[in-house]
2 protein chains.
Amino acid sequence: MSLKFIENNTKVAYLLFLALFSIVICTSMSTAVPVLNALKIFKVIGQLKTLKRTGWVQNDISLPESVADHMYRMSMLSFFITDPSINRDKLMKICLCHDLAEAIVGDITPYDGVSKEEKKKLEEDALRKIVSDIGHAEIADEILSLWLEYENGTSKEAEIAKNLDKFEMIIQADEYEQAQGKRLDRFFESTKDSFTHPEVLEWNNALRNDRDTRLGNL
Amino acid sequence: MSLKFIENNTKVAYLLFLALFSIVICTSMSTAVPVLNALKIFKVIGQLKTLKRTGWVQNDISLPESVADHMYRMSMLSFFITDPSINRDKLMKICLCHDLAEAIVGDITPYDGVSKEEKKKLEEDALRKIVSDIGHAEIADEILSLWLEYENGTSKEAEIAKNLDKFEMIIQADEYEQAQGKRLDRFFESTKDSFTHPEVLEWNNALRNDRDTRLGNL
């Protein structure tokens, strides 16, 4: 084997190594979210911390919870769903994302004079704007899919998330009633037929039973 | 085949069916969280919505965020970690659970005169009390494991969650500085060496760079 042959082979190996190294670096870099996009979306998400839930504001609740507070407990409720037929991690992610559009359009309630269709359109447009600003197709698709799945109720996880959304609201209503001496019947009446999943249905029945006892309705 | 034989076999089949049915019902019932325990823990979790983060209270921030608000955005930050070597769903669950003990002991900061060891013990005792009240060993173990993993930093997910905890705090500090005309240097100084994961490190550098530009420190 001549010295020239070894030298050439070393060069080839070196070039191959460089090419491979560049591919690895570029691939790993291209998967990260562009940093300015990341900071922008983090600020959008942060708006959910200062956005107060409209239902409480309309009922003169003092220091009402934020939309982020609501989604936090709702996500935690997922831990307590033991139904083995569902993907609980997906349920948790749906809970975390389902009100994300409110960071842009606010918390529109059935009492705000906005039709259901109009609300849906406003929220979907806002959500599509939020995810288009992520600058990362895979993450954008994931969040959009979770959100649409919830909106359209196209999976068992989405259906349970809808149960948890309503149930989290009535636990909160019950807590405000006790802490602030209020009557918040509207929230209990509007959700009385909302529960379909046996576990949430059982929690709902027990909560309403406790409330009825407290209010002397039994 | 005599009538007696058929009759006996029918009886046996009927008893077997009853036994099997009872096992199925009992098993399915035993997997659910007992309803009174569920309602109790949901109220404990709810306390994180009204618990204000001590760091902001000590710095006279108006209407400071809740511990639940903080954990909400922290959990959402998990969506933006693209590191393929981690279990992102686990990271999300660690973020959701890591401050759960504060529902009992409050948000103890390094400025409260409580030693690190004492704080750790207070929080671990509180967390163990919370999970022991769940009445469901599997869920209790899961939440305790996620919490201990974070506390002891025993996984890559726990390490990233610690990065996200600090990073979420400085985005919030930056937002309060801008919205409330404050200087919150303490939060930036105490965390300047906290970031180890390349993605969070990049977010941190960009955020500090923006802040330095805003404050004319560059």
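The values are calculated or read from the model by the stated rules, or taken from the named source; none is laboratory data. Bear in mind that the values here come from a model prediction, so they are computed numbers and not experimental data. In this analysis, Cβ positions are derived from the backbone assuming ideal geometry, glycine residues included, and neighbour counts consider all displayed protein chains. Please note that ligands, DNA and RNA were not included when accessible areas were found on the heavy atoms of the full protein model with its side chains. Shrake-Rupley method; radii C 1.70, N 1.55, O 1.52, S 1.80 Å.
Restricted to the range A:164-194, and to residues there that are under 22 Å from residue A:151 (Cβ atoms) and more than 13 Å from chain B (Cβ to nearest Cβ), the residue that is surrounded by the most Cβ atoms within 10 Å (Cβ to Cβ) is A:165. Take the range A:108-136 and flag every residue that is surrounded by fewer than 19 Cβ atoms within 10 Å (Cβ to Cβ), free of Cβ contacts under 8 Å to residues at least 60 places away in the same chain and either touching a strand residue (DSSP E or B) at 6+ places or on another chain (Cβ under 9 Å) or over 26 Å from residue A:195 (Cβ atoms) (or both). The answer is A:113, A:118, A:121, A:122, A:125, A:126, A:128, A:129, A:132.
Is it the case that some residue within the range A:32-55 is among the aromatic types (Phe, Trp, Tyr) and modelled with pLDDT of 95 or more? Lay out the reasoning, then the answer.
Pass one, the range A:32-55, residues among the aromatic types (Phe, Trp, Tyr): A:42.
Still in the list and also modelled with pLDDT of 95 or more: A:42.
Scanning the range A:32-55, I find at least one residue that is among the aromatic types (Phe, Trp, Tyr) and modelled with pLDDT of 95 or more, so the answer is yes.
If you check residue B:157 against the conditions, is it part of a helix (DSSP H, G or I), under 19 Å from residue B:208 (Cβ atoms) and touching a residue at least 12 places away in the same chain (Cβ under 8 Å)? Break it down stepwise before answering.
Numbers: part of a helix (DSSP H, G or I): yes; under 19 Å from residue B:208 (Cβ atoms): no; touching a residue at least 12 places away in the same chain (Cβ under 8 Å): yes.
No.
For the range B:70-89, name all the residues that are of a type in the set (S, T, N, Q) and either more than 7 Å from chain A (Cβ to nearest Cβ) or within 15 Å of residue A:38 (Cβ to Cβ) (or both).
Of the residues in the range B:70-89, the ones of a type in the set (S, T, N, Q) are B:75, B:78, B:82, B:85, B:87.
Within the range B:70-89, B:78, B:82, B:85, B:87 meet the criteria.
Annotation: residue B:69 fulfils all but one of (1) at positive phi; (2) crowded, with 16+ Cβ neighbours inside 10 Å; the unmet one is (1). Evaluating residue B:63 against the criteria (1) surrounded by fewer than 20 Cβ atoms within 10 Å (Cβ to Cβ); (2) part of a loop (DSSP other than H, G, I, E, B); (3) in contact (Cβ under 8 Å) with a residue 60 or more places away in the chain leaves one unmet condition, (3).
Output the number of the condition that residue A:95 fails; it satisfies all remaining conditions of (1) outside any loop (DSSP other than H, G, I, E, B); (2) within 30 Å of residue A:202 (Cα to Cα); (3) open to solvent by 20 Å² or more (accessible area, probe 1.4 Å). So residue A:95 meets the others, but not (3). Being more than 23 Å from residue B:142 (Cα to Cα), aliphatic (A, V, I, L, M), surrounded by 15 or more Cβ atoms within 10 Å (Cβ to Cβ) and modelled with pLDDT under 95 is a property that does not hold for residue A:139. Taking the range A:31-60 as the range and being closer than 30 Å to residue A:189 by Cβ and open to solvent by less than 50 Å² (accessible area, probe 1.4 Å) as the test, the residues that pass are A:48, A:49, A:51, A:53, A:54, A:55, A:56, A:59. The set of residues in the range A:98-107 that are part of a helix (DSSP H, G or I) and either more than 13 Å from every other protein chain (Cβ to nearest Cβ) or surrounded by fewer than 15 Cβ atoms within 10 Å (Cβ to Cβ) (or both) comprises A:104, A:105. Quick check on my filter: what residues within the range A:86-130 are more than 20 Å from residue A:154 (Cα to Cα) and within 11 Å of the chain's Cα centre (by Cα)? Within the range A:86-130, just A:102 meets the criteria.
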